[in-house]
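First the structure, in the form of structure tokens, and then the observations on it.
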Amino acid sequence: MIVDSHCHLDRLDWDKLGLDLDEVLNKARKKQVEHFLCVSVTLDQFPSMLEKIAHYADVSASCGVHPLDQKFELDKAKLIDLASHQKVVAIGETGLDYYYSQETKQVQQASFVGHIEVANTLHKPLIIHTRDAKEDTINLMRAHKASQCGGVLHCFTEDLEMAKKALDLGFYISISGIVTFKNAKALQDVVKYLPLDRLLIETDSPYLAPVPHRGKTNQPAYVEDVAYFIADLKGLSFEQLAKATTDNFYNLFKIVKS
Ligand SMILES: [Zn+2]
Ligand SMILES: [Zn+2]
């Protein structure tokens, strides 16, 4: 069995999929997916996201503000309040994205630091999004003791050097369907190196569907394709890769297997 460690179940394109949430989850369960982590991107939308997934025992939630979704200064008290819910197993996604937005560097950094502090306060791990911001991401993680709460660099596409620094801080690395792309040779080399006991897999759906579904809207069932691809890349059986990434997921997010 496998898990989708990062999906946005409240943002799926229902019209394109022609499925509702029940059907999307069932389809994934038939593809061996036994748990889903539904990731929050704004505090405003968090309550409605939580309401949609609350009654599924195999869906957990995170709470946080995406680095590219910041309209206001982070409301730390509100984040602490919302993230204290028992269904919330992680803080984020937070982080730094200078690829899409250079102008908001300062705001992103302040918000990222706020998330790290909340994660340490609540003892819940961080889900970190990082793109074209290697140095600042690692420096802020170090300066604000992100190693205390731990967490994951999700949808990782940076280089081995950065992966090593994150691993040194006790973090996990999560790989999405991007690794299956033809032009992802550099990332594939990084994944070959990553230690199996720190590896997670995800879809980040509805974005970036893996091969052979490229161009379609992504969904959690496709995490199976990511798992097969990475198993092959690392010379492992599907079962070995599945067991390791699933165990890692439960360990990191302290989820009791149902
Ligand atoms: Zn992200
Ligand atoms: Zn995401």
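The values are calculated or read from the model by the stated rules, or taken from the named source; none is laboratory data. These numbers were taken from a predicted model, which means no experiment stands behind them. Glycine gets a Cβ as well: all are built from the backbone with ideal geometry, and neighbour counts include every protein chain shown.
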Original post:
Just checking, which of ALA28, ALA57 is under 22 Å from ASN248 (Cβ atoms), at pLDDT 95 or above, assigned to a helix (DSSP H, G or I) and of a type in the set (Gly, Ala, Ser)?
Top reply: ALA28
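Name the residue that is nearest to ligand 2 (Cβ to nearest atom), counting only residues in the stretch 70-100 that are assigned to a loop (DSSP other than H, G, I, E, B) and crowded, with 16+ Cβ neighbours inside 10 Å.
Filtering first and then ranking leaves GLN70.
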**OP:** Please tell me if VAL39 is buried (at least 22 other Cβ atoms within 10 Å of the Cβ) and either in contact with a Gly (Cβ under 8 Å, 6 or more places away or on another chain) or farther than 24 Å from HIS129 by Cα (or both).
**Re:** yes
Original post:
What are the residues in the stretch 54-69 that are among the aliphatic types (A, V, I, L, M) and surrounded by 19 or more Cβ atoms within 10 Å (Cβ to Cβ), if any?
Top reply: VAL59, ALA61, VAL65
Original post:
Of all residues in the stretch 135-177, how many are more than 16 Å from ligand 2 (Cβ to nearest atom) and in contact with a Ser or Thr (Cβ under 7 Å, 6 or more places away or on another chain)?
Top reply: 2
Original post:
If you go through the stretch 36-76, how many residues are under 16 Å from THR104 (Cβ atoms) and more than 16 Å from ligand 1 (Cβ to nearest atom)?
Top reply: 4
Original post:
Do you know which residues across the stretch 203-216 are of a type outside the set (Gly, Ala, Ser) and over 20 Å from LYS182 (Cβ atoms)?
Top reply: PRO206
Subject >> Every pair of residues 6+ apart whose Cβ atoms lie under 7 Å, when the first sits in the stretch 62-74 and is closer than 15 Å to SER101 by Cα while the second is surrounded by fewer than 16 Cβ atoms within 10 Å (Cβ to Cβ) and of a type in the set (Phe, Trp, Tyr) >> reply: LEU68/TYR100
Original post:
Quick check: is even one residue across the stretch 110-120 away from ligand 1 (no atom under 16 Å from the Cβ), β-branched (Val, Ile, Thr), surrounded by fewer than 21 Cβ atoms within 10 Å (Cβ to Cβ) and assigned to a strand (DSSP E or B)?
Top reply: no
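At least 3 residues that are modelled with pLDDT of 95 or more and surrounded by fewer than 14 Cβ atoms within 10 Å (Cβ to Cβ) in each: list the helices (runs of 4 or more DSSP H) lying fully within the stretch 162-258 that qualify.
185-193, 238-253
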**OP:** Answer yes if at least one residue in the stretch 145-153 is within 29 Å of ALA242 (Cβ to Cβ), of a type in the set (S, T, N, Q) and within 13 Å of ligand 1 (Cβ to nearest atom), and no otherwise.
**Re:** no
Original post:
Scanning for something without any contact (Cβ under 8 Å) to a residue 60 or more places away in the chain, in a helix (DSSP H, G or I) and among the β-branched types (Val, Ile, Thr), does the stretch 135-149 turn up at least one residue?
Top reply: yes
